[in-house]
1. For residues that are away from chain C (no Cβ under 12 Å), touching a helix residue (DSSP H, G or I) at 6+ places or on another chain (Cβ under 6 Å) and within 29 Å of residue C:36 (Cβ to Cβ), tally how many sit in region B:38-78.
2. Collect the residues in region B:101-137 that are farther than 20 Å from residue C:257 by Cα, assigned to a helix (DSSP H, G or I) and within 11 Å of chain C (Cβ to nearest Cβ), keeping them in residue-number order.
3. Name the pairs: first residue in region B:99-118 and surrounded by 15 or more Cβ atoms within 10 Å (Cβ to Cβ), second residue not in a helix (DSSP H, G or I), Cβ to Cβ under 6 Å, at least 6 apart or on different chains?
4. Please go through (1) more than 9 Å from chain B (Cβ to nearest Cβ); (2) more than 20 Å from the chain's Cα centre (by Cα) for residue C:99 and return the number of the only condition it doesn't satisfy.
5. Is it fair to say residue C:186 is more than 9 Å from chain A (Cβ to nearest Cβ) and in contact with a helix residue (DSSP H, G or I) (Cβ under 8 Å, 6 or more places away or on another chain)?
6. Might you check whether a residue that is assigned to a helix (DSSP H, G or I), away from chain B (no Cβ under 12 Å) and free of Cβ contacts under 8 Å to residues at least 24 places away in the same chain occurs anywhere in region C:129-147?
7. Quick one: would you say residue B:183 is under 30 Å from residue B:135 (Cα atoms) and assigned to a helix (DSSP H, G or I)?
8. Looking only at region C:239-266, which residues are part of a helix (DSSP H, G or I), within 20 Å of residue C:62 (Cα to Cα), at the interface with chain B (Cβ under 8 Å from one of its Cβ atoms) and free of Cβ contacts under 8 Å to residues at least 24 places away in the same chain?
């Protein structure tokens, strides 16, 4: 199920190492390539370097050695302006949604257009009509367009995460990064968010990198699984062949109940989702 | 598509009101960037004359007087802080809801406090200069009032939030109102009380530094005379020394307060 | 003194904070109290505050205060209103200038916006330095530039207030969730856009509330600026005081008390609604 190997990689790590100023080595000589449209789940214990790995793609973290190529461009060497242009094409979703709480949902989603507009326009808050429509359409695609004019902090966690997805979509990205996107959500909502991510990734042919701790979710949604331990890639392969033993090898310990999110029956998730929409 | 939210009338109305007030103020104060731009070179020249130079050095012989006046400034601030905060202690027996003997006494006390706090310190000092004569005394009295107002307010606010358990216990043991205050309340708020006194002292030093501009003693008096006599070298030195003293006392007092609470 | 020395034991039995005052701390407290008294003695000694001066001055002060208010000069009220409204104008414009000019200072002094650790320190230092120059001293300086009158007062209030307002801004910005700013820069927003879309919406109501609070303080300040010739009601205080027109001074005082009280009340009400 791994995407066609013929197409050139959209994201490529070449011998990437990241050592933090305090001496902690988060990534050790990592080399990976991700082709267009692949839905990759990165698993590992906390502290294994998952978060650092995906943050190297949009350079929220700058590697200490090696190169990260995005569409053939080495992002590690970009200047400020070029980096912002590169980031415009990379959407990102966070564990705690990271919305601007006091702004409206629509404002939050429109923030995805900032890098595309001249600064004077954004400072005055003058978004082109097309961008507003794009933002509303993004909200529609995650099913919460009716909340557009509400303040972001009036929404539930699952709704906020969908706003964050809409914000990323509004960037019209080629790459989607998600850092523990469901860690703060209850099981039905978590599955709903993962289904949304997977569906949008398919529809837009997005190269998607998702950090997850839960092995059952990784198995359920991933095309390909990358396992990290202590900053090194210890597993890389299609999701089909992965078993509990694989995860035990990646984690270096036995699987525990808290490594599983728990399966939410589709009906239950849909019901919860419907309830959330009705609210 | 969702319904657009209603037009934010209230926000726009408020913005319009603020704009109107600003326009009114602009006209009333003769604010003019042109005048400012024209005057800035002169002010720059004036400032340049205040900095030490070969023609206008900061003479060491100015120092004894400046030192004496600075000392007077600190003395005014210190004495006012101690007296004012001491006076606020008996006041809170009336001006605090939980300690007041009766509702009317509390209202009366609070009313007096609020009235006192509306009088700007330097206005009070000016009037007192007329009544008590030039010199540090009117400044001291003005700052005593000011300190009393601020410490009494902060202290009674704190007392109202304090744990009422000990007070009940003293009352249950047959303690009087004064005993409740002395044994149950004051021990709990003692560090806050000290911190408020220090805080008042910080402000008092700043105010005492300018009291002399209205004739109420301290370094400001030297500054006013020097300005009137165009003694540039001295003006610069005086302003600089005020600056240093205020910063040092501020830093010391802030440090002390951070250790208290 | 006997009951007082028993306090800790009694308090320890009844209160939630037993044993805070042992014998050592009690001795320490007495030392503190004694040194405070000694320092007070030293301070007053240097100020020539003697019983004679007080006994001479206080009755005189009483006489003057009586003259002020029995009755105040109500015919002077229109002039008072004019002076007070000029004080309000000085405070309003000064506060506006400070609220705007404090923005770059506040952003600079906030620790979470800067990549360099030194920049916030420089910003905070600058704000402290600005705060140290009293309005009255600044007013004397600006009188040099623009001449005596309310304009100099506006500038003095405006510049001096930057210190406090900027500090409050910076502290508020520091409580903004860093992660939401990271999300914006991850989407390619420039630092200016991160500020505009991540910081401003979060802090704006509080910034307005700081400005209102400072306006409250500035109205007080603007009543005294006139004492050095920088406009407002203070000029009239100065004139009437020198002329010993006590009933008119009384009218002014009543006006100042009413105005400050009113502004205090309105500012507090508006601030309560903002947050």
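The values are calculated or read from the model by the stated rules, or taken from the named source; none is laboratory data. Only a predicted model underlies this, so the values are computations on that prediction, with no experimental measurement involved. Cβ sites come from the backbone with ideal geometry, for glycine too, and all protein chains shown count toward neighbours.
1. Count: 1.
2. B:132, B:136, B:137
3. That search, which allows pairs on different chains as well, returns B:106/B:97; B:106/B:100.
4. (2)
5. For residue C:186, the condition - more than 9 Å from chain A (Cβ to nearest Cβ) and in contact with a helix residue (DSSP H, G or I) (Cβ under 8 Å, 6 or more places away or on another chain) - is not met.
6. no
7. no
8. C:241, C:257
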